[in-house]
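Data block below; observations after.
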Amino acid sequence: MRFRDAYDLEVSCENDAAMQAFVRGIDASLRLDTPAIEEFEEAVSQDPEFALARVALGRQKLIHGDRKAARGEYKKALALKERVTPRESAAIDITIEGANVIPQTFAHVAEYPRDVFVLAQLLSPFGTLAFAGIPDWREQNAALLEETKPAYPEHDWWHTSTRAFVSAENGMLEQALQDGDLAWSISENGNCAHSLAHVHFEAGLLDEGSDFIHSWAEKYADESDMRHHLRWHLCLLDIDKGQDIGGQLSVYDRYLAPGIHDAVPLETLADNASLLWRLRLADVEIPQETVDELLDFTEARFPGCGFAFADLHCAMTAAVHPDKDKLASQLSALAEHAEQSRLPVANFVHQCAKSFAAFAAEQYADVVAILEPVLDDNPLIGGSNPQRRIVEETYLEASLRCGQNDKALAILDKRNRSSSSFDKAQRKRAGQVA
């Protein structure tokens, strides 16, 4: 049988109950407040041969850390492909193959611009393009949104929220703020909250951003999977506002530690590792049990190497840990991967890991020398501008510590955050008088 989804696309399934559960699952997966696993499981329980729901369930399982279950659902979806439309069949292949089929994904979006299930996979800082190891993924995100905009209703919250986020990533802050406010006015969900919080940070609206997240947390945090990442955003805002960075350790212990909340393992890794590394850059003493817990988490959730964004944050975690054998082992694996793959993104991660090791050894001039040639490669790893800024912060702090103040000032001038008390303090350290 054929049904129509929320974007008027044909979907193959056996009954309305399965279809309605699938529609709820797609909506939940876009909102980011819940895993959407329950909805997709309901869809396949109502129709065990619902191929598109199978692959969607597999994707959500993967995002939330269950690789084995994801592979099982993908296998079932592939076995059911003959029962579905060409669009659904292509969507199944695209979901499973990811970065291996980017040209086919672009062609699919051109033919089916309202296929939000596929389009959402391409976009965002954790999307297929972001993790493809290419330098211009943010620009490609913006172009895709512009091309698909006519296909969506004027007040489609998801497309509007995504435009806000991507505009902020590309420095189009006025448009980003306009779209972010509009999306939030349409639907107060985790996705829209995140986009608006991101815009506030990028635009230097520190008090507004802090007030927004506090207000959001009061109303929604207990029920939203975004509570971990938005608390991390709040930490960045507080640091930029000049609050004592050491105080963020208590925030980490209360809200961010892996044992507290781990809805999305990659988010937990990135937020936690980068915050602890920021504390390390500021010479804040971090209890060993805190680092032990995160290191155990990284080894359990992200064994091996080859996923650049995760590798970078695993290296940060190892650099914070007092047992330098852990970091030496990671450096060896990353060097081997960079040599064998010959990928620019693998080389970037290896150089960053070397710089973390040099910083931990108080070899600050070496940090500057290692990072300077690769700083412009930062977009290759994906993630958002605020997430990737941790590499820049490492370079900045090392420059100040080894007396290369001109290089520190060049970084501060480039990012031009006049509202940041943190940046003002760094300028003062570099000898610049306000």
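For this structure, a couple of remarks:
Conditions tested, residue by residue: (1) free of Cβ contacts under 8 Å to residues at least 60 places away in the same chain; (2) charged (D, E, K, R); (3) over 27 Å from Lys414 (Cα atoms); (4) part of a helix (DSSP H, G or I).
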{"position": "Thr162", "(1), (2), (3), (4)": "yes, no, no, yes"}
{"position": "Val166", "(1), (2), (3), (4)": "yes, no, no, yes"}
{"position": "Ala183", "(1), (2), (3), (4)": "yes, no, yes, yes"}
{"position": "Glu188", "(1), (2), (3), (4)": "yes, yes, yes, no"}
{"position": "Val199", "(1), (2), (3), (4)": "yes, no, no, yes"}
{"position": "Asp207", "(1), (2), (3), (4)": "yes, yes, no, yes"}
{"position": "Trp216", "(1), (2), (3), (4)": "yes, no, yes, yes"}
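- Number of the condition not met by Lys428 [criteria: (1) out of contact with any helix residue (DSSP H, G or I) (no Cβ under 9 Å at 6 or more places or on another chain); (2) assigned by TED's automatic domain parsing to the domain that holds Thr298]: (2)
- Lone qualifier among His313, His350 - being without any contact (Cβ under 8 Å) to a residue 40 or more places away in the chain, under 26 Å from Ala408 (Cβ atoms) and either surrounded by 22 or more Cβ atoms within 10 Å (Cβ to Cβ) or hydroxyl-bearing (Ser, Thr, Tyr) (or both): His350
- Restricting attention to region 100-153 and to residues that are of a type in the set (Ser, Thr, Tyr) and in a helix (DSSP H, G or I), the residue that is farthest from the chain's Cα centre (by Cα) turns out to be Thr148.
- Checking each residue in region 379-411 for being over 14 Å from the mean Cα position of the chain (by Cα), surrounded by 19 or more Cβ atoms within 10 Å (Cβ to Cβ) and of a type in the set (S, T, N, Q) picks out Thr394, Ser399, Gln404.
- Among residues of region 60-80 that are part of a helix (DSSP H, G or I), those with a beta-carbon under 7 Å from a residue that is polar (S, T, N, Q) at least six positions away or on a different chain give the pairs Gln60/Ser29.
- Hits in region 278-304 (condition: out of contact with any Cys (no Cβ under 9 Å at 6 or more places or on another chain), within 14 Å of Asp323 (Cα to Cα) and either hydroxyl-bearing (Ser, Thr, Tyr) or part of a helix (DSSP H, G or I) (or both)): Gln288, Glu289, Thr290, Val291, Asp292, Glu293, Leu294, Asp296
The values are calculated or read from the model by the stated rules, or taken from the named source; none is laboratory data. Everything numeric here is computed off the predicted structure, so don't read it as measured data. Counting neighbours? That spans all protein chains shown, and the Cβs are built from the backbone with ideal geometry, glycine included.
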